[in-house]
1. Given Pro67, Pro78, Leu226, which one lies farthest toward the positive end of the charge dipole of the chain, if we put +1 on the Cβ of every Lys and Arg and -1 on the Cβ of every Asp and Glu?
2. Which entries in the list Lys57/Lys99; Lys30/Lys243; Lys31/Lys232; Lys73/Lys232; Lys57/Lys243; Lys45/Lys229 go over 27 Å, if you measure between the two C-alpha atoms of each?
3. Averaging over all projection directions, find the projected area of the Cα convex hull of the chain and quote it in nm² with one decimal place.
4. Helix 104-117 versus the longest principal axis of the chain: what is the Cα-based angle in degrees, 0 to 90, to the nearest 10?
5. Between Leu247 and Lys99, what FRET efficiency comes out of the Förster formula 1/(1 + (r/R0)^6) with R0 = 51 Å and r the beta carbon distance, rounded to 0.05?
6. Please give the helix 144-158 orientation as an angle from the longest Cα principal axis of the chain, in degrees from 0 to 90, rounded to the nearest 10.
7. Taking neighbour counts of Cβ atoms within 10 Å as a proxy for exposure, in what order, fewest first, do Leu215, Leu44 appear?
8. Would you order Tyr87, Tyr246 from fewest to most other beta-carbon atoms within 10 Å of each residue's own beta-carbon?
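The numbers here are math on the coordinates, done by the rules we state, and not lab data. Given the structure is predicted, the values throughout are model-derived calculations rather than measurements. When we count neighbours, we look across all protein chains shown, and the Cβ atoms used for this are built from the backbone with ideal geometry, even at glycine.
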Amino acid sequence: MKVKRVEAMMGRPEGLKLIDENGKRLDGRKKYELRRIDMEVGVLKNADGSAYVEWGKNKILAAVYGPREIHPKHLQRPDMAVLRVRYNMAPFSVEERKKPGPDRRSVEISKVIRGALEPALLLEMFPRTVIDVFIEVLQADAGTRVAGITAASLALADAGVPMRDLVAACAAGKIDGEIVLDLNKDEDNYGEADVPVAIMPLKNDITLLQMDGYLTRDELLEAVKLAIKGAKAVYQKQREALKEKYLQIAQEVAGNE
Ligand code: CDP
């Protein structure tokens, strides 16, 4: 169960060290090391675009439909497509069964993910339509919003939605007084702060910046810089995953000729 940061820090098991004397974290990573990330594009046959991302113990599926006709009709915009995002956690995705359906957290995360993706999309090309993005968290271990943004952006590209750039995301934070990259669940629970960031790397635009916890101004700057570095590494992986899919298509086409 996700508890408020202050409560979690107070409930920290005695003697628990998030970084040991050799600078290693609980899962063996160094301060600036990402968790293992695997991505696959085009994993669902019935969606217009899709992607699956495993990021540490996070398992996240994104599906995109559209641009398509919008219902109810009164939501349509005469000048651009509407972008709808639903972030959803499966009941079995967390330790304590999560009640199905939206809650305050998932509504907020859906909203910030929508804001993170929107600047990348050429929505003005598709007036009076909707683009639906579904993000399904199958397993959660902290950092699901950044992994969700990363998956959704791949699914949008897979759907062929015209984009200015991919959106890549990553978090940095503070644990045991140190700024580190990509917090896992224990680090998020018992650490001091978490700073998720999303970027459009081509122009270095930031499309999401949040902070949970306490940081000084300098620490915040350091965390943002580190998260941007992480997001750039994620961006490279996104490009590779997309290339992989197009290589497969090219091979299939060549095989059919
Ligand atoms: O996942 P993210 O870091 O973007 O968002 P968060 O609200 O900071 O949640 C951190 C983590 O808490 C999630 O990734 C889940 O592992 C966990 N969590 C949970 O165990 N139960 C919930 N109802 C919600 C979150």
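1. Towards the positive end, the residue furthest out is Pro78.
2. Working: Lys57/Lys99 21 Å; Lys30/Lys243 29 Å; Lys31/Lys232 17 Å; Lys73/Lys232 39 Å; Lys57/Lys243 24 Å; Lys45/Lys229 33 Å.
Where the Cα-Cα span goes over 27 Å, the pairs concerned are Lys30/Lys243; Lys73/Lys232; Lys45/Lys229.
3. Working: hull surface 63.2 nm².
Computing the convex hull of the Cα atoms and averaging its projections yields 15.8 nm².
4. The angle comes out at about 60 degrees.
5. Details: r = 42 Å, r/R0 = 0.82.
For R0 = 51 Å, the calculated efficiency reads 0.75.
6. Here the helix axis deviates by roughly 20 degrees.
7. Leu44, Leu215
8. Numbers: Tyr87 27, Tyr246 12.
By the 10 Å Cβ count, ascending: Tyr246, Tyr87.
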